[in-house]
Each structure stands twice: as structure tokens, then as C-alpha cells.
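The values are calculated or read from the model by the stated rules, or taken from the named source; none is laboratory data. Fair warning: this is a prediction, and the values are worked out from it, not measured in the lab. So basically every Cβ, Gly included, is an ideal-geometry build from the backbone, and we count neighbours across all protein chains shown. For the accessible areas, the whole protein counts, side chains as well, though only heavy atoms, and no ligand, DNA or RNA atoms are used. Shrake-Rupley method; radii C 1.70, N 1.55, O 1.52, S 1.80 Å.
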Amino acid sequence: MVNQFNYLKETASQTAGPYVHIGLAPHQAGFDIFENNFGNVLVGPGTKGERIRIEGRVIDGSGTPLRDVLLEIWQANAAGRYNHPADKQDKPLDDDFRGWGRACSNFETGVYSFETVKPGAVMGRNGRLMAPHVNLWIVARGINIGLNTRIYFSDEVDANAKDPVLNLIEWEVRRKTLIAQREERGGEVVYRFDVHIQGDNETVFFDI
Amino acid sequence: MTRSSDVYGEFYQRDRSVHPPAYAPDYKTSVLRSPSNSLISLQNSLSEITGPVFRQDELGPLDNDLILNYAKDGLPIGERIVVHGFVRDENGRPVKNALVEVWQANAGGRYRHKKDQYIAPIDPNFGGCGRVLTDDNGYYFFRTIKPGPYPWRNRVNDWRPAHIHYSISGNGFAQRLITQMYFEGDPLIATCPIVKSINNEEAVRGLIAPLDRNAAIQLDSLAYRFDIVLRGSRATLFENHLQGGK
């Protein structure tokens with residue numbers, strides 16, 4: 001007889017729907033309920049590192065920006081360490097940086113943004129350093145299971161060229177869909193990152 | 001298996017057969033919001049096995065009580081219910097300290113949301129959202145009003161079965177999950193295009209919460225039981241190339 005395993009099956013995903021804001025960002029739904037709200041500002045007064053803003057839109061297969069999308073990011077601190085017990089790298093934690101944030105696109109413009117710091121490089125598998133990146137998760141009405149991707153930085157040309165994840169993408173032309181473009185606006189550093197769910201320039205999404 | 005749940009490893013490959021495909025044309029909005037290319041499969045690194053850690057002091061004392069957390073000058077209208085269950089991983093181990101966030105329509109099927117135009121009225125005493133962290137056994141509970149079904153624009157006569165939206169954040173960013181809980185006995189489940197986007201009967205059954213008579217609060221509230229399974233991770237005994245080394 002074949003050995004019978006008793007692993008459970010993961011619970012099925014369902015779309016976040018159009019009213020995801022009620023649960024995850026009630027201010028945007030139009031009301032106040034919780035004392036403490038999770039939001040798109042990852043930095044506090046003491047956070048170490050280069051302050052950056054990541055902004056962009058999420059665009060559907062017709063070229064129209066999604067105005068009801070919710071995004072979350074998860075990233076290492078400026079020293080390149082995740083604020084999580086599984087990260088044993090010999091690098092400092094930052095007491096004023098969890099590394100997680102949640103944003104909604106604007107109901108009119110579709111623009112989302114995060115206020116954060118540029119992450120440091122994190123060690124990848126088999127001792128290969130990963131280029132600085134931010135992990136991104138996207139849900140919305142019409143998205144049946146959350147989409148995972150990564151945001152890399154346009155000014156990290158050398159690190160990006162050696163990054164083990166970018167190099168997994170067979171089509172070199174598609175790698176650029178993961179590179180946020182650096183701009184400076186009145187002293188503020190802004191990385192522009194548009195996500196194309198479908199169509200020309202479709203963003204690379206990962207099965208993680 | 002002896003591995004403690006505080007040891008972290010790579011997650012098991014996601015079994016996509018239990019999930020809806022991105023492209024599910026009977027759920028019309030998915031057509032333009034689904035990638036055409038294959039997902040690129042990644043072996044987990046620290047970026048996937050880690051994730052945000054939440055603290056109890058970030059939540060308020062009424063955050064898991066949807067009956068009271070928006071009550072202004074009375075109680076919300078509708079059937080009082082308790083919803084409870086365990087968050088486990090695929091190994092059957094409790095997921096401790098998971099952030100469970102819920103949102104829902106009121107008893108009439110109306111959401112407190114500036115974009116919801118349904119004719120059923122807003123309930124002045126009902127917000128429709130809550131959140132809770134699981135305890136050391138992976139257990140969570142909250143109290144609410146049973147949501148009503150409502151029509152939605154897909155085909156002209158599509159109705160959503162009564163449901164509660166769930167967002168769950170476990171130990172690692174790769175476990176992040178959003179889903180919906182349905183109620184045992186609801187005849188609208190069988191015809192809902194969003195439910196039917198899942199081509200797996202067992203997976204659909206897992207989203208339907210049975211009535212739990214034993215957990216009812218006598219003379220007060222009925223109860224429903226909804227258990228959640230997040231991805232499991234492998235023991236780290238003979239590997240960890242995740243952080244370098246050979």
C-alpha cells in the first residue's frame with residue numbers, strides 16, 4: 001500500500017472584490033473605525049536610509065488604470081535585513097522600520113504610492129546576492145488570486161545585471177518590466193513603477 | 001514531525017489546482033485583469049519566507065467585535081453571529097499571530113463604501129470590518145451580523161451569496177491570502193460566478209462555513225466555524241541554502 005500523507009490543502013483564494021477598502025483601508029472606503037490604521041508610510045522619524053517614494057499605476061489589458069486596486073509591499077531595511085525572525089543575516093535591524101506597507105490606488109487617477117527607504121541588498125539562495133528590491137502583492141476586483149512581483153531600481157544597473165531572480169527571466173526584454181525608474185522631483189526621490197497586468201509590456205509575475 | 005513552528009523554511013510549491021485561474025471568463029472582470037503569460041516560478045529566498053510581524057497592541061479592544069465597533073446609538077440590525085476557527089498550515093500546525101482581517105455587507109446586503117450604490121440602506125450602527133490576531137493555537141474569533149446577499153453587475157441577474165471577505169497574513173509574504181467565506185445552506189452559492197471560478201469541488205466546500213451549534217451563545221448568537229489553511233513549509237534539517245553557504 002502506498003503511504004498516505006495527511007497534508008492539508010491550502011484554502012482557495014477568492015477575489016478581494018471592489019470593496020476591499022472597507023476591511024483593509026476603511027478611510028478610503030469613506031469612514032473611520034479603527035484607532036490604528038495600516039497605511040502606505042513605512043518610515044518613521046528615526047528610520048535609517050535614503051527616503052524614497054514609489055509610485056505608479058496598475059493597468060489592465062485595455063490600457064486603463066485600475067482605480068480599485070490594493071497593493072502591499074514587503075522589503076528589507078536600508079542595511080539589507082528583513083525585520084523577521086527567519087532572517088539571520090549579520091546586519092542591523094532598524095527599530096523604526098517594519099518594512100511593510102499597504103496602499104490603494106486613487107479612485108480618480110489610479111495612482112498609488114508608498115513612502116519608504118531604499119532597501120539594501122539581501123543574500124539570496126546559494127550565496128548569490130540579490131539586487132535591492134521590494135516585494136509587491138496586488139489584489140483587486142477581477143484578480144482571482146493575488147499577483148506577486150518585485151520592484152527593482154533603475155540606478156542599480158550592476159547589481160540588477162547579476163541578480164539571480166532577474167536572470168531567471170528567460171526573455172531579457174521582459175526583465176525591464178520589474179525596474180522602477182528613478183526621478184528627482186524638488187529634492188524628493190521618486191521611483192516610478194507601473195504594473196501592466198496584461199497586454200504589451202505585461203509585467204513579470206512570480207509563482208512564489 | 002517534530003519541527004517547531006518557529007523554524008522557518010521554504011514553502012511547499014503552491015498547488016494552483018485548489019485556486020481559481022486568473023482568467024475565468026464567467027466572472028467578466030477577470031478577463032482584462034488576468035496575466036496572459038505564465039508566472040515565473042521562483043524558489044523561495046528570504047524575500048518570500050519572511051513577512052510582516054503584527055503586534056496585539058496595534059489592534060483595538062473592539063476590533064474583532066463588528067456588533068459594537070461602529071455602534072453609534074444602538075445595535076446593528078440583523079442576525080447576531082459568532083465566526084470562529086483555526087488558521088493552520090498545510091502540515092496541520094497552528095499559524096500563530098496571523099493577522100485575520102474581515103469585511104462584509106450589512107444584513108441588507110449593502111456595504112459601507114462610497115462606491116456601493118445598492119438600494120438597501122446603510123445601517124448607521126454597522127461599519128462592516130474587523131480584525132484579529134490568532135492565538136498560540138492558531139485560533140481566532142469575531143462577532144458580527146450575518147451579511148445579506150446582493151445583486152452585482154456581471155450578468156443582469158447575478159447575485160452574490162452571503163459572504164464575509166477574509167484577508168490573512170501569516171509568517172511569510174508567500175502565504176498572503178485573500179478569500180471569502182460562505183454560509184452553509186445558501187442556495188446562491190451554487191450559481192455564483194465568483195465561487196464557480198474555482199474548478200475544484202473540495203476547494204469550494206472549504207469556503208463554506210458550517211453552522212456550529214455547540215459554539216452558539218445561548219439566547220444570544222448563532223455560530224459558524226471557518227478554518228483556514230495557509231501554505232506549509234518544509235523542515236530545514238538538510239538544507240538551508242536560503243541565506244548562503246553550500
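Residues of the range A:38-52 that are open to solvent by less than 60 Å² (accessible area, probe 1.4 Å) and on the phi < 0 side of the Ramachandran plot: A:38, A:39, A:40, A:42, A:43, A:44, A:46, A:47, A:52. Among residues of the range B:73-103 being out of contact with any Leu (no Cβ under 8 Å at 6 or more places or on another chain) and within 11 Å of chain A (Cβ to nearest Cβ), the one that is modelled with the lowest pLDDT is B:93.
If the condition is being facing chain B (nearest Cβ under 9 Å), β-branched (Val, Ile, Thr) and either open to solvent by less than 10 Å² (accessible area, probe 1.4 Å) or part of a helix (DSSP H, G or I) (or both), then the range A:162-176 contributes only A:169.
Any residue at all in the range B:229-243 that's touching a Ser or Thr at 6+ places or on another chain (Cβ under 9 Å), within 9 Å of chain A (Cβ to nearest Cβ), under 21 Å from residue B:93 (Cα atoms) and at pLDDT 95 or above? Within the range B:229-243, one or more residues are touching a Ser or Thr at 6+ places or on another chain (Cβ under 9 Å), within 9 Å of chain A (Cβ to nearest Cβ), under 21 Å from residue B:93 (Cα atoms) and at pLDDT 95 or above. Only one entry in B:155, B:234, B:143, B:205 is closer than 27 Å to residue B:14 by Cβ and touching a residue at least 24 places away in the same chain (Cβ under 8 Å), namely B:234.
Screening residue A:158 on (1) without any contact (Cβ under 8 Å) to a residue 60 or more places away in the chain; (2) open to solvent by 40 Å² or more (accessible area, probe 1.4 Å); (3) part of a strand (DSSP E or B) shows it passes everything except condition (3). Residues in the range B:7-25 that are assigned to a helix (DSSP H, G or I) and either open to solvent by less than 20 Å² (accessible area, probe 1.4 Å) or of a type in the set (A, V, I, L, M) (or both): B:18 alone. The single residue among B:173, B:183 that is under 20 Å from residue B:22 (Cα atoms), modelled with pLDDT of 95 or more and among the hydrophobic types (A, V, I, L, M, F, W, C) turns out to be B:173. You will find that of A:23, A:30, A:39, A:63, the residue that is within 30 Å of residue B:24 (Cα to Cα), touching a Lys or Arg at 6+ places or on another chain (Cβ under 9 Å) and not aliphatic (A, V, I, L, M) is A:23 and no other. Looking across the range A:143-166, the residues that are in contact with a Pro (Cβ under 9 Å, 6 or more places away or on another chain) and within 19 Å of residue B:20 (Cα to Cα) come down to A:144, A:145, A:147.
Looking at the range A:106-128 only, could you name the residues that are charged (D, E, K, R), assigned to a loop (DSSP other than H, G, I, E, B) and open to solvent by 40 Å² or more (accessible area, probe 1.4 Å)? Within the range A:106-128, A:108, A:128 qualify. Set side by side, the residues A:19, A:7 differ, and just one is farther than 30 Å from residue B:46 by Cα and open to solvent by 10 Å² or more (accessible area, probe 1.4 Å), which is A:19.
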